[in-house]
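Report on the following structure.
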Amino acid sequence: VVIYAAVSALLARFGLPPVRGMRFTAPTGLEMIVLFLCVVISAAFCEEVFFRVLWVGVLRTRVPTWLAGATSIAAFAAIHYPYFGVGGVIFISIWAIVPVSLFIVCGDVTAPLLMHALNNAFAYIAVPLLFSAGR
């Protein structure tokens with residue numbers, strides 16, 4: 001939340017486009033189930049395995065860990081461009097430092113996977129429910 005707020009303020013200050021693609025209407029019961037299975041569980045798992053375990057884990061055996069992490073962050077942010085735009089790529093580039101660091105420090109994917117899943121649950125389920133409750 002803090003990273004999102006800070007990046008959003010910086011994007012606005014420098015006249016850059018905001019993060020796009022976020023929905024603020026409450027998901028229906030079926031949508032909530034689909035979001036949970038697809039975004040919270042599947043996307044978080046697949047992205048963490050690919051970008052942390054395979055990309056950082058394997059690449060850092062051949063290049064310095066910082067370079068493996070940096071290229072992983074750049075690739076991870078880039079795949080989100082079609083949905084989130086330039087603002088989203090900037091936000092995700094900064095956000096991705098946390099799961100990469102967790103993976104490197106903890107030595108396994110558990111902490112970044114949990115963090116990623118909770119982030120997605122918050123962004124795609126909790127925030128839309130909270131915004132809708134306030135209306």
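The values are calculated or read from the model by the stated rules, or taken from the named source; none is laboratory data. Here the structure is a predicted model, which means the values were calculated and not measured. Note: ideal-geometry Cβ built from the backbone for every residue, glycine included; neighbour counts use all protein chains shown. All accessible areas refer to the heavy atoms of the entire protein, side chains included, with ligands and DNA or RNA removed. Shrake-Rupley method; radii C 1.70, N 1.55, O 1.52, S 1.80 Å.
The table that follows gives values for the structure above.
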{"read-out": "Residue within region 49-58 that is in a helix (DSSP H, G or I), within 18 Å of Leu11 (Cβ to Cβ) and in contact (Cβ under 8 Å) with a residue 60 or more places away in the chain present", "value": "no"}
{"read-out": "Options Leu113, Leu118, Leu129, Leu37; residue that is part of a helix (DSSP H, G or I) and surrounded by fewer than 13 Cβ atoms within 10 Å (Cβ to Cβ)", "value": "Leu37"}
{"read-out": "Ile79 in contact (Cβ under 8 Å) with a residue 40 or more places away in the chain, of a type outside the set (D, E, K, R), over 22 Å from Pro27 (Cα atoms) and open to solvent by 60 Å² or more (accessible area, probe 1.4 Å)", "value": "no"}
{"read-out": "Boolean, Val40 is touching a Gly at 6+ places or on another chain (Cβ under 7 Å), under 21 Å from Phe122 (Cβ atoms) and in contact (Cβ under 8 Å) with a residue 24 or more places away in the chain", "value": "no"}
{"read-out": "Test for Ala74: is it out of contact with any strand residue (DSSP E or B) (no Cβ under 8 Å at 6 or more places or on another chain), small (Gly, Ala, Ser), closer than 23 Å to Leu54 by Cα and in a helix (DSSP H, G or I)", "value": "yes"}
{"read-out": "Qualifying residue in region 85-105 (condition: closer than 14 Å to Val40 by Cβ, of a type in the set (Gly, Ala, Ser) and loosely packed, with under 14 Cβ neighbours inside 10 Å)", "value": "no"}
{"read-out": "Single residue of region 11-21 satisfying the filter (among the hydrophobic types (A, V, I, L, M, F, W, C) and assigned to a loop (DSSP other than H, G, I, E, B)) that is least open to solvent (accessible area, probe 1.4 Å)", "value": "Val19"}
{"read-out": "Answer from Phe76, Phe51, Phe84, Phe103 - the residue that is of a type outside the set (Val, Ile, Thr) and farther than 26 Å from Pro128 by Cβ", "value": "Phe103"}
{"read-out": "Val63 vs. criteria free of Cβ contacts under 8 Å to residues at least 12 places away in the same chain and open to solvent by less than 60 Å² (accessible area, probe 1.4 Å)", "value": "yes"}
{"read-out": "Failed criterion for Phe24 (all others in (1) at pLDDT below 95; (2) surrounded by 13 or more Cβ atoms within 10 Å (Cβ to Cβ) hold)", "value": "(2)"}
{"read-out": "Verdict on Gly29 being open to solvent by less than 30 Å² (accessible area, probe 1.4 Å), free of Cβ contacts under 8 Å to residues at least 60 places away in the same chain and of a type in the set (Gly, Ala, Ser)", "value": "no"}
{"read-out": "Hits in region 39-61 (condition: of a type in the set (D, E, K, R) and over 15 Å from Ala111 (Cα atoms))", "value": "Arg60"}
